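See structure below.
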Amino acid sequence: MTTRILGIESSCDETAAAVVADGVKILSSVVASQVDVHRKYGGVVPELASREHLRQIAPVVREAIEQAQMRLEDVDAIGVTQGPGLVGSLLVGLTYGKVLALALNKPLVAVNHLEGHVHAVLLEAHSTGRTPRFPAMCLIVSGGHTLLYRVEHPDQNSVAPFSYARIGGTRDDAAGEAYDKVAKMLALGYPGGPVLDKLAVHGNPDAVRFGSTKIRSNPYDFSFSGIKTAVLYYLRKRPELQPEIAARQKVLANGQRSADELRAFSSSTTLDLIASFQRAVVEDLVKRTLAASEQFAVRSVLVSGGVAANRELRERFEDEGKRRGSEVFFPSRPLSTDNAAMIAAAAFARFSAGERANADLNAAPHFPLGLTSTVSGD
Ligand code: KG4
Ligand code: ZN
């Protein structure tokens, strides 16, 4: 018998709902993005995000059910993101899921958003037939997170949920946040990742040298605020770049522009800076993740989250992974960024293991995944 789970996700600035059958088959996946609302602020404004979720949640859930060609009464369970995320945003999806579960008399399953990102890779793997082997090292890299987890799957044939050990994380900015802030300094719009990714191919990645941040206490921790500040100082020292920044600001004030349009307003110095910034971030992510994979003896590498959509990151991981004998897995691009299919897939594993949430389920803005590093590399 097929188990169809309705997943609901509202942890940040995407209102999403999806129906997934047996944790592997996506019957529908609807994402209402709020980028247009937050664009003029250059980042997510929490109060506006909650308000938008309130407007979007009912139509998004309805659309997901319609696209899956079913009725709400036909779902077997509801999976909702409990955290981590913005509390006001989380509460909208969580409350909606709770009320639906109560009204329809369906089981409710609480999902950790980060576990959702792990399942995004597995959803993709199921559709391609190429499955990762466990234990795996998972890099979750988005606008809100840069985290490394060692993921154990106790028995590939069992429904027992995975277990996680935190290996490292960012000390300051998340990688996606650094992309967004650098794009803001350069007047390249919001979100920064996709546009910087497209412009980076037109610059020389060796033009500007950004030193790698040394973190003594844990070699698998990340830090991206240094590189962001280095970009700021680079720009301060080059007043000749100000007119083009002002020109881009002006065109953006008239509406969103494509990367190609913005490129027409960008000098080779700017394109070189972007290519060098991207190279430094990508190298750092790839290097630390693969070093951790070797140290903690895993059998595959999973990369998920918004930044996993990055072209150079995918290429570098694939090339370097091959060279070092690590098999690397990514979700498709739509599954890399926040979505509810990954939440429904993660809910399925927990639902099958008998987990149920109570009516007193509350949002957990700092919900950790697994324990702090308890795995020994020896
Ligand atoms: O996972 P996500 O949709 O939301 C959370 O932050 O949880 O990730 C969005 C982040 C943004 O910071 C965005 O700039 C970044 O992912 N991003 C990218 C790319 N596409 C999205 N960063 C680098 N390269 C990309 N192609
Ligand atoms: Zn996310």
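The values are calculated or read from the model by the stated rules, or taken from the named source; none is laboratory data. Note that the structure is a prediction, hence the values are computed from the model and not measured. FYI the Cβ positions are ideal-geometry reconstructions off the backbone, even for glycines, and counts take in every protein chain you see.
What number of residues within segment 9-20 satisfy the criterion of being under 9 Å from V61 (Cα atoms) and in contact with a Leu (Cβ under 8 Å, 6 or more places away or on another chain)?
2
Out of segment 121-170, which residues are within 16 Å of ligand 1 (Cβ to nearest atom) and of a type in the set (S, T, Y)?
Result: S142, T146, Y149, T170.
Just the residues that are assigned to a loop (DSSP other than H, G, I, E, B) and modelled with pLDDT of 95 or more, please, taken from segment 195-217.
V201, H202, G203, N204, P205, D206, A207, V208
With (1) hydrophobic (A, V, I, L, M, F, W, C); (2) over 17 Å from A200 (Cβ atoms); (3) touching a residue at least 24 places away in the same chain (Cβ under 8 Å) as the list, and L285 as the residue in question, which single condition is left unmet?
All conditions pass for L285, except number (2).
Scan segment 254-274 and tell me whether some residue there is within 22 Å of the chain's Cα centre (by Cα), of a type outside the set (F, W, Y) and closer than 30 Å to M137 by Cβ.
Yes, some residue in segment 254-274 is within 22 Å of the chain's Cα centre (by Cα), of a type outside the set (F, W, Y) and closer than 30 Å to M137 by Cβ.
In segment 310-348, what residues are buried (at least 22 other Cβ atoms within 10 Å of the Cβ) and among the small types (G, A, S)?
S336, A340, A341, A344, A345, A346, A347
If you check H126, H119, which single one turns out to be more than 24 Å from S50 (Cα to Cα), in the same structural domain as N339 (by TED's automatic domain parsing), within 16 Å of ligand 2 (Cβ to nearest atom) and touching a residue at least 40 places away in the same chain (Cβ under 8 Å)?
Among H126, H119, only H119 is more than 24 Å from S50 (Cα to Cα), in the same structural domain as N339 (by TED's automatic domain parsing), within 16 Å of ligand 2 (Cβ to nearest atom) and touching a residue at least 40 places away in the same chain (Cβ under 8 Å).
Given the criteria within 12 Å of ligand 1 (Cβ to nearest atom), over 18 Å from the mean Cα position of the chain (by Cα) and buried (at least 23 other Cβ atoms within 10 Å of the Cβ), does V182 qualify?
Criteria met by V182.
P191 passes all but one of (1) more than 9 Å from ligand 1 (Cβ to nearest atom); (2) at pLDDT below 95; which number fails?
Here P191 meets the rest and fails (1).
Could you please let me know if A259 is free of Cβ contacts under 8 Å to residues at least 12 places away in the same chain, under 14 Å from L188 (Cβ atoms) and more than 16 Å from ligand 2 (Cβ to nearest atom)?
no
Out of (1) away from ligand 2 (no atom under 16 Å from the Cβ); (2) over 25 Å from D272 (Cβ atoms); (3) crowded, with 16+ Cβ neighbours inside 10 Å, the odd one out for Y149 is which?
(1)
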